[in-house]
Each structure stands twice: as structure tokens, then as C-alpha cells.
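Have a look at the structure below before the remarks.
The values are calculated or read from the model by the stated rules, or taken from the named source; none is laboratory data. Bear in mind that the values here come from a model prediction, so they are computed numbers and not experimental data. Positions of Cβ are backbone-derived with ideal geometry, glycine not excepted, and every protein chain shown enters the neighbour counts.
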Number of protein chains: 2
Amino acid sequence: MAHFKEKYHTYKTLIEHRLAHCVTKSEPVSLYAPLKYILSGGGKRIRPMLILLSCEAVGGKARQALHAAVAIEIVHNFTLVHDDIMDHAASRRGRPTVHIKWDENVAILVGDELVALAYRELLKTQSPAIARVVEIFTEGVVEVCEGQAYDKEFETQKNVSLNDYLLMIGKKTGKLVAVASEIGAVVGGGTAAEIRALKSYGALLGRAFQIQDDLLDVVADEKEFGKTIGGDITEGKKTFLLIEAYRRARGADKKLLRSIIMNHGAPLKTGKPQAQSTVCVADVREIYHRYGVIEEARRLITRDTVNANRHLNMLKPSDARAMLYGFSELLLNRNY
Amino acid sequence: MAHFKEKYHTYKTLIEHRLAHCVTKSEPVSLYAPLKYILSGGGKRIRPMLILLSCEAVGGKARQALHAAVAIEIVHNFTLVHDDIMDHAASRRGRPTVHIKWDENVAILVGDELVALAYRELLKTQSPAIARVVEIFTEGVVEVCEGQAYDKEFETQKNVSLNDYLLMIGKKTGKLVAVASEIGAVVGGGTAAEIRALKSYGALLGRAFQIQDDLLDVVADEKEFGKTIGGDITEGKKTFLLIEAYRRARGADKKLLRSIIMNHGAPLKTGKPQAQSTVCVADVREIYHRYGVIEEARRLITRDTVNANRHLNMLKPSDARAMLYGFSELLLNRNY
């Protein structure tokens, strides 16, 4: 475990360092100042880490995949900047979002430029399979957009099934994680079977990650989590928990959940003072517990993670593979 | 000339056809319906035409470059969708803009997806130089974003020099045209000198095209032009004409132009009824004529076009080269 932490830290530093140096320009200032702001805002750096480890797990050197790793982190940041505009989110990672600190026009343009910069960085990858890498990456961007479109559509849709939800998060969250592990494997020169295995690993891990995110919104420690607990509930966001609880609930419980769903993503107008509105989050959490959906989410996350790890079993044993098992463990047990 | 028109039409049909077929999906509908709407909205298709002709002018077959041609048209449409949000433009090509017909969130996402689809289309290009093609394309997207950032910055800047302006349009308009002719030459297998020549041709032509656009806003026939004449004036847009006229003007003329510049891009609040506000556009046009900036714009456009054509002279004579001369002529004499 000491080794895991140490190596993780080394790789994270490598990523942060390259990320800080891939944008050198400072003009036009309305573009590059916010761009540096967003790229230096921290984050878990899960996707780039996954690229480096996947590359190494098939016999490559992590550094071969560094540009690709940074590229995927940049594109991830693009999705955050644009999603935050669409969601009217005021803060991210404890700081004002770009469209709040600057304005919407700036945020639109910064997001656009991030996509281009991601491709620029990706193209620095030295690999005979570079065309394939760019292709995989591009399909990732396409699906992330589709996922976000579904997510916005679901806000005003009354009947969102669990399948709809899984399709959406598969695209919005899972795809980019799968792209990360797949690109790592391709750049590392993995066999077709190894590439397939790592892609499947990423897809399952990405899904578990998103359900965990939904879960943390309800059960996390507010300080550690870095955002207000219950935000998804007050916003009527159709998470795994809400969808599954609504399906299971009966009577007054179902009525309460329906009122949240009908709320169309706008903050709940309870007409009650703040304290009572907080009670509402507690009420919903209690319903989630009572109908076993918290437990069900945990079961799904564990199942996906176990299945993800199963794909790793076909890889040759290596330090990087051990790191990947540790990585799954880390995501499974994260509190933020 | 009959041959020019016929071939132009054939190539335009080829482009339109591929453009109509490169998006087959229809869900999520909030993404793909507006996407098809924007791609089927017509347009002059200048950039893709330039790719096909440049490819042929260095000895390639136009069809080799068709995917790249469509890719650049898609990315051009991305810039239109996002610029229209930023400029609060209500109509484009005689139809409501995406953010008006749908909403801003949809328009942001549609623009994002267009970038990804452009790359997807570009990657279909069969060329040993595909990595270089993607690189050139990516630098184009980067510079277009930079150009747009400068353009928005200039709106609230009091002193914008002619050099600032030329830098801005070089990025916002010129770059993508230069990228088009350069990519065409690369895909067609041109020599280094041929590629350089066609790139320079595109850059000069792109600049002439933008100054012509500024000019048409003042002198075009409203019906043919497809938008309201004098829009740049009432919006206080820092065009070649306004910047150069302001530099040259004296006394009351300078004062009037300053009031337009200070207006920061918001529609002129003259406090006068519509008819008199129209007089204002006429006043400014008269100032432009009196200080010779209309003539100066025409001189610049002609100079750039002549210089652009000079680069074509080094290519081997061919039908495609003749088409490119004709293409310059067409842009030089366009009324819309």
C-alpha cells in the first residue's frame, strides 16, 4: 500500500507537471487566463492515471502515454466547463466556475479551445497507432456529448428508466474512462485481447464511479465531499437512487419522490424555510434507505468493480496490474 | 466560365451529399435534430471547395480530399453556432439560429458535437500523411478560438489598431481558409513548395474575404446579402472600415465615429425613431466614402487577391489551377 501511494503520487506529479506546461501562451488573455485557471484547479486525475497504468500494464512505459493522458484530462475539463454553464453551477472544486468568474461567452470559448488543445496534446504521442488513438479519442468526445444531451433531456422527462439512466452514464461518464484505459493499452502496444480487456475494465469502472458519485451525494461527509450533500435531491436530478427508489416506492413515499421528479431539475420550491427544506433531503435519504436502494447501489458498485477487475486477470501479472487493482479499490472506497 | 460554373456545381453537390450523409443517428434527439438543421442550412461551402481544388491542383483526385473537405465545413459550422450564441445573433442564412430555435444549452452542445464529428469525418481520409492533416486541422481550430477571443475583446477595447484587426481576422477567418488549401495540398500529395504556396494562397484569400465581408455590410444590396445592411455600424463592430476611418477622420466626423466605438458593441441608442437611426448608417457610410476607406478596402482586397493568385503561378498549369483563379475571382466579385 505504501508502494501504491508512492507510485500514484509520482504519476500524479508527472501529469500535473505536463498539464501545467502544455499551455504556454498568455494572449488573448480572455482565453488563456481562464484556461490556465481551469487546468490548475486540481481534481482526482483519474482518467490520465488510468492511461499511464494501462500503458504500463501491457508492457509499455508510462511516459509513452503521458501526452495522451494529459489530452484526456484536458478534454475532461472541457466537459466540466461546458456542463457547468448548462447546469448553472456556481462552483467547482471549491472555486467559482469559469462562467461565474468570467462570463458565459468566455466559458464557451474556453471549453472549445480545450478540445483543440486536447487534440494538440494527443497528437504529440509517439506511436505507430496514432491514427487509431485519435479515432478512439474522437469517439469518446462524441459519446460524452451524447451523454450530456441525454442527461439534459432526462431533466424534463417524467419516465426515465434504469436502462435509460445506464445508457446515459455509460456515455457521459463511462465512455471517457473506457477510452482512457483503451488508449493506454493501444499506446503501450497491447495485444487485441489486452486492449479489449482494459477497455472493458474502464467501462465498468466508469459506471461504478458514476453510481458511487450518485451515492456520495446522499451519504458522503460534506467537508470531504467538497460540495453540498443532497444537491442531486434538491435539484431533482434523476440519479440511480431516485429512479430505483421511485420504481420501488409506494403510497406517500412515491408521492414525495414524484414531486421531486416533476420538479424538472429546478431547485425544490417547498415554500418552507431553509431548515425544513433540509428535512426534505433527510426524508428522501430515509426513503432511499427504507427501500434498500442505498444498499442496491452499493451492491451494483461492488459488482461492477469485481467484474472490472476480472478483466484485469487476463493480463500478465505486473506491478502496473497490481496498481490497477489498487486503483479499483481506491475508487470503490472513496469518500469524495 | 461555363466550365467553371459546371464543375463548381458538381463539387458543391458532392460536398452537400456527403455532408447530408455523415450524420445518420437521430438520438439523442436534442442533439441530432439541431445538428442536422445546421448542416443542411446551406452556405457558400467555400472552405470545402478550396480543399477539393487544392488537392486536385497538386495532382491528387478531388475525391481523396472529400472527407477532409466535409470536416472543415463541419468545423466552420461549429464556429457559427457558438459565435451566434456569443453575439446574440437571432438569424443565420435566413433561418433562426440554433440557440433561438432551441436554446443556449442545446447550441453549446451541438457546437461541441460538431467539433467531434469534424474529427471523425477527417479521420476517414485515406492518406499516409493523416497525422499531419489532423495536426494542421487542430492548429486551425486553436487559432479560430483565439481569433474569436480577440474579436470579443475588441468589442470593449477603445484602441484597436489596424494591426490588431489584421491579427484577429487572420486567426478568425484567414486561418481556416489557409488550413483548407493546405490540407488539400497535403492530401493530394503536393511537394513542400506546393503546399506552402497553397497555404499562402488560402491565408491571403481568407483575409481578402473578411475585408470584403466588412465592405459588403456597408455597400451590398440588402436582398442579395441576406442580412440587414449597416449591421456592423449599428453594433459598433470594429471592422476594417471603422478602424481606418476613425484613424483618418477629423472634427465632427471623428466624434461621430468615436461615439460608435464607445458604444461597445451594443446597438446604437440614438433615442431617435427608426428612420433617423437609418440616417446614422447613411452618415457613417458617407464618412467612409469621404475619407476614402471604401476605396482603400477595395484596394486591399484586390491586392491580397492578386498576391494570393501569384502563389498559384508556381503550380503546374492544370484545370484545377484555372478553377482556383476563377475561385479568387468569384470571391473578389461576390455580392453576398
Residue check, residue B:59 in contact with a Lys or Arg (Cβ under 7 Å, 6 or more places away or on another chain) and closer than 27 Å to residue B:182 by Cβ:
no
Out of everything in the range A:83-98 that is within 14 Å of the chain's Cα centre (by Cα) and within 14 Å of chain B (Cβ to nearest Cβ), what residue ends up being nearest to residue A:194 (Cα to Cα)?
A:83
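Matching residues to (1) surrounded by 15 or more Cβ atoms within 10 Å (Cβ to Cβ); (2) over 27 Å from residue A:319 (Cβ atoms); (3) not small (Gly, Ala, Ser):
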site	(1), (2), (3)
A:3	no, no, yes
A:9	no, no, yes
A:28	yes, yes, yes
A:56	yes, no, yes
A:73	yes, no, yes
A:88	no, yes, yes
A:104	yes, yes, yes
A:113	yes, yes, yes
Out of the residues in the range B:26-77 meeting the condition of being in contact with a Gly (Cβ under 9 Å, 6 or more places away or on another chain) and on the phi > 0 side of the Ramachandran plot, tell me which one is modelled with the highest pLDDT.
B:59
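Taking residue B:328 as the residue in question, decide whether it is more than 18 Å from residue B:254 (Cβ to Cβ) and crowded, with 19+ Cβ neighbours inside 10 Å.
Working: more than 18 Å from residue B:254 (Cβ to Cβ): yes; crowded, with 19+ Cβ neighbours inside 10 Å: yes.
So residue B:328 fits the description; yes.
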Restricting to helices (runs of 4 or more DSSP H) lying wholly in the range A:129-232: which have 3 or more residues that are at pLDDT 95 or above?
A:130-155, A:162-169, A:175-187, A:192-219
In the set B:101, B:175, B:158, the lone residue that is basic (Lys, Arg) and within 14 Å of chain A (Cβ to nearest Cβ) is B:175
Please tell me if residue A:80 is facing chain B (nearest Cβ under 9 Å), within 27 Å of residue A:27 (Cβ to Cβ) and either assigned to a helix (DSSP H, G or I) or among the hydrophobic types (A, V, I, L, M, F, W, C) (or both).
no
Residue under question is residue B:65, and the condition is that it be over 16 Å from the mean Cα position of the chain (by Cα) and crowded, with 21+ Cβ neighbours inside 10 Å; does it hold?
yes
Let me spell it out: the conditions are (1) touching an Asp or Glu at 6+ places or on another chain (Cβ under 8 Å); (2) more than 7 Å from chain A (Cβ to nearest Cβ), and residue B:148 meets all of them except one. Which number is the exception?
(2)
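If the requirement is being away from chain A (no Cβ under 14 Å), more than 18 Å from the chain's Cα centre (by Cα) and not hydrophobic (A, V, I, L, M, F, W, C), which of these qualifies: B:206, B:190?
None of the others qualify; the one that does is B:190.
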Of the residues that make up the range A:49-56, is at least one touching a helix residue (DSSP H, G or I) at 6+ places or on another chain (Cβ under 9 Å), part of a helix (DSSP H, G or I), within 13 Å of chain B (Cβ to nearest Cβ) and of a type in the set (Ser, Thr, Tyr)?
no
Can you tell me which residue is nearest to the other protein chains (Cβ to nearest Cβ) among those in the range A:107-134 that are within 13 Å of residue A:72 (Cβ to Cβ) and of a type in the set (Ser, Thr, Tyr)?
A:119
What are the residue pairs meeting all of these: first residue in the range A:105-127, first residue part of a helix (DSSP H, G or I), second residue of a type in the set (Gly, Ala, Ser), Cβ atoms under 6 Å, and 6 or more apart or on different chains?
A:106/A:30; A:109/B:149; A:118/A:71; A:121/A:71; A:122/A:68; A:122/A:71
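Can you pull out the residues in the range A:176-198 that are charged (D, E, K, R) and surrounded by 23 or more Cβ atoms within 10 Å (Cβ to Cβ)?
A:182
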Scan the range B:20-48 for residues that are part of a helix (DSSP H, G or I) and of a type in the set (Val, Ile, Thr) and report the count.
3
Matching residues, the range B:3-38, being hydrophobic (A, V, I, L, M, F, W, C) and within 19 Å of residue B:69 (Cβ to Cβ):
B:4, B:14, B:15, B:19, B:20, B:22, B:23, B:35, B:38
